[in-house]
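Taking it in order: structure first as C-alpha cells, then the write-up.
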Amino acid sequence: SILKLFMREEEGFHDELSGKERKSSDDSNNQFLMLDFAVDEGLLQKEGRNYNFAHDQIQHAAYSLIPEDERGRLHKHIGKLILIYVSDDELDDVLFLAVDQLNRGAAFIEEEEEKMDLAMLNLRAGEK
C-alpha cells in the first residue's frame, strides 16, 4: 500500500521524490491517487511539498501492518530511493535519513560493493 512509503519514524514524504516517481509508471499514478485520498481522509497532511502522518499513532498503526520480515527490505528500498532521487547538492540535507533507512535494511544488503557504499555513507554521516 502507499502507506508503506511513509513508514519512517519521525519523517514525512517529500513531493519532489513523489513527482519523479509519478512519471515512472501507471502504478505510481494510482499510488498518488491513494495518497490524495489519505490526505482527504485525514490520515496524512500535506504541508507545502511534504506529506506527514496526521498523528504519530496513525504512523505507528500503519507501520505495524507491515510484516516484520518485510520491514528491513522496505527500509533498504526507501534508503536507495532517497539516494537515487536526491541530487549530490541536496544529499547532505537528507544524509542522516538515507543512512538510517539503509542501516535498518542492512541485513538485506548482499553485494560487497553495496556494503562498502553503506560503510562510506556511514563514515560521511559520522563526520558531519
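The values are calculated or read from the model by the stated rules, or taken from the named source; none is laboratory data. Computed from a predicted model, the values in this text were never measured in an experiment. Note that each Cβ is placed from the backbone with ideal geometry, even for glycine, and that neighbours are counted across all protein chains shown.
Things worth noting here:
- Here Arg49 passes the criteria (1) touching a strand residue (DSSP E or B) at 6+ places or on another chain (Cβ under 7 Å); (2) at pLDDT 90 or above except the one numbered (2).
- Unmet criterion (only one of (1) in the same structural domain as Leu43 (by TED's automatic domain parsing); (2) more than 30 Å from Gln45 (Cα to Cα)) for His60: (2)
- Boolean, Phe108 is among the aromatic types (Phe, Trp, Tyr) and modelled with pLDDT of 90 or more: yes
- Residue that is farthest from Glu110 (Cα to Cα) [pool: residues in the stretch 55-72 that are exposed (fewer than 15 other Cβ atoms within 10 Å of the Cβ) and touching a helix residue (DSSP H, G or I) at 6+ places or on another chain (Cβ under 9 Å)]: Leu65
- Test: residue in the stretch 59-81 that is under 20 Å from Arg124 (Cα atoms) and free of Cβ contacts under 8 Å to residues at least 24 places away in the same chain: yes
- Subset tally (residues that are surrounded by fewer than 11 Cβ atoms within 10 Å (Cβ to Cβ) and farther than 23 Å from Asn50 by Cβ) for the stretch 79-115: 4
- Glu114 vs. criteria in a helix (DSSP H, G or I) and of a type in the set (Asp, Glu): yes
- Qualifying positions in the stretch 11-45 - under 19 Å from Ile78 (Cβ atoms), at pLDDT 85 or above and not small (Gly, Ala, Ser): Leu43, Leu44
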